[in-house]
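Here, each number is a calculation from the coordinates, and none is a lab measurement. Computed from a predicted model, the values in this text were never measured in an experiment. All Cβ positions, even for glycine, are placed from backbone atoms using ideal geometry, and neighbour counts span all protein chains on display.
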There are 2 protein chains.
Amino acid sequence: MAQIGRHVTVRRTNSREKILAAAAEVSRESGAGNLSLDAVAQRAGVSKGGLLYNFPTKAKLMQALVQYYLDDYEVSMARETDPNSAKPKTALQAHIEFSREFCEKPPGAASGVLAAMADDPHFLDPLCQFKRRLLDRLKSEARDPLCALMCFLVLEGMTSLDLFEMNVLSNEERELVLVRLAEEAEADKNHAAA
Amino acid sequence: MAQIGRHVTVRRTNSREKILAAAAEVSRESGAGNLSLDAVAQRAGVSKGGLLYNFPTKAKLMQALVQYYLDDYEVSMARETDPNSAKPKTALQAHIEFSREFCEKPPGAASGVLAAMADDPHFLDPLCQFKRRLLDRLKSEARDPLCALMCFLVLEGMTSLDLFEMNVLSNEERELVLVRLAEEAEADKNHAAA
DNA sequence: TTTACTGTACCGTCTGGACGGTATTGTCAA
DNA sequence: TTGACAATACCGTCCAGACGGTACAGTAAA
């Protein structure tokens, strides 16, 4: 479904995505630091040789795991903020929406990122740069940059709790926060337009 | 310094703490998932046998790592909110202060927690329960529970970025947020008193 | 013929942890 | 006061198993 766009031609096989999904599952189930290639291959229904054909080293797999997560976000963001769309959103509104979806996903959908971090913290560098770019965009679009920053951090807190699968927030609390942020974003949008 | 209080008698040796600190360092340098007992022992200046004397299994070490982090917080919190103190703080104010200190600590001081998570996500269960208790306390003390919840999440976001050593925020941004939160907490405190 | 694998066999390294030993300190009866 | 014993706090070695990665022969579809 989500095209990674690494290759120009459309791939007939979907082994890469199967492997990526399997890696996230294994990471979730065995702990981020106990992700073995054998386990991933088995889970993906692929031979170890096949896995290493797609990802020549474990490091390449980890990097792809992070990139996979990023691409997913980038696609959503582009779609939601498309000015040609019927009702284009601000970046902040789109970010709020994406964070909601993130929390509603099956638990540990992003465990792959944790596995990458467990192997080598530097694998998170692209994620770090991505977050910084996003924050800059949110601040530059907003009427009140500090407010944008605070909203960003609230979502960061919410999603990080989810990433660690710490069910600290109830659904009601989550919803309350999300609604509050949406109001904030809406207000900021209208002020900016006025 | 910080007494864990596990033993009634004062320990003459401080091997435990040396090992805990070493584990955090190794975790930070080699990646949370690549923490080996040999490396920890070497870093701590202790033989492997000595390490295993203090922590009979790797799991015990990991649990201690999480507990160490928690105890540190608990001590600070108790001190800051002590009603007998000269200027007792609300739980929210203390939490803000602790989060500031957390960010000012040498980078990766809490990497031990990540190492524990990498080994087995369930090691974070105490941390999860701790956060839930903290949030409940913040909400119950506050005049505006939603505001307390949002403040909690802002700090959660800030500290999680720090935990991953993602330098997304500049020092000015961090300070701006912290000041804003402190104002919020102060206002809430005064309203509650009135 | 190329692509995209499967399957098996294997290698060198690392790891958790079991185990036996040892030096120091504490306890307590004679 | 001393000698006997025991608990504490380690040290150093060893090992079975797991891991990442290589090599290679085979195969089925496009």
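Observations on the model:
- Furthest towards positive pole of dipole, A:PHE123, A:ALA182, A:LEU52, structure part chain A, Cβ charges: A:LEU52
- Partner chain coverage, peptide B:27-34 - average Cβ within 10 angstrom: 5
- Magnitude of the charge dipole for region B:15-193, about its Cα centre and with charges confined to Cβ atoms of Lys, Arg (+1) and Asp, Glu (-1), is about 540 debye.
- Helix A:125-141 and the longest principal axis of the Cα set of chain A meet at an angle near 20°.
- Converting phi to 3J(HN,Hα) with the Karplus coefficients 6.51, -1.76 and 1.60 and the offset θ = phi - 60°, region A:96-102 yields 4, 4, 5, 5, 4, 4, 4 Hz in sequence order, with x at every glycine or proline.
- Chain B: angle of helix B:171-193 to the longest principal axis, Cα-based, in degrees nearest 10: 60 degrees
- Across peptide A:111-122, the mean count of Cβ atoms from other chains lying within 10 Å of each residue's own Cβ comes to 5.
- Seen from A:LEU163, the other residues with C-beta closer than 12 Å to its C-beta sum to a net charge of -2, counting Lys and Arg as +1 and Asp and Glu as -1.
- Karplus-based coupling profile of region B:80-94, in residue order and whole Hz: 6, 9, 4, x, 7, 5, 4, 9, x, 9, 6, 4, 4, 4, 5, with θ = phi - 60° in 6.51 cos²θ - 1.76 cosθ + 1.60 and x standing for Gly or Pro.
- Stretch gain in nm, segment A:GLU183-A:ARG132, where the contour uses 0.36 nm per residue and the Cα spacing is subtracted: 16.0 nm
- Cross-link partners of A:LYS189 among lysines (Cα-Cα below 19 Å; sequence separation of 8 or more within a chain): A:LYS87, A:LYS89, A:LYS139
- Per-residue average of Cβ from other chains inside 10 Å of A:161-169: 6
- One Cα centroid belongs to region B:133-168, the other to region B:64-96; the line between them spans 15 Å.
- Counting charges near A:ARG143 (Lys, Arg +1; Asp, Glu -1) among other residues having Cβ under 10 Å from its Cβ returns a value of -2.
- Summed side-chain charge close to B:HIS191 - residues other than B:HIS191 whose Cβ falls under 14 Å, Lys, Arg +1, Asp, Glu -1: -4
- Burial ordering of B:CYS151, B:CYS128, fewest other beta-carbon atoms within 10 Å first: B:CYS128, B:CYS151
- For the protein assembly as shown, a crude dipole built from +1 on the beta carbon of Lys and Arg and -1 on the beta carbon of Asp and Glu, taken about the Cα centre, is about 1180 debye to the nearest 20.
- Dipole of the protein assembly as shown, positive direction: furthest Cα of A:PRO145, B:SER85, B:GLN63, with charges on the beta-carbon: B:GLN63
- Residue-by-residue Karplus 3J(HN,Hα) for region A:40-46, coefficients 6.51, -1.76, 1.60, Hz, glycine and proline x: 5, 4, 4, 4, 7, x, 9
- Expressed in Å, the radius of gyration and Dmax of the Cα atoms of the protein assembly as shown are 22.3, 72.
- In the frame of its principal axes, region B:15-193 has Cα extents of 57, 35, 29 Å, reported largest first.
- Taking a straight line from the alpha carbon of B:LYS105, these lysines sit under 18 Å away, with near neighbours fewer than eight places off in the same chain left out: B:LYS18.
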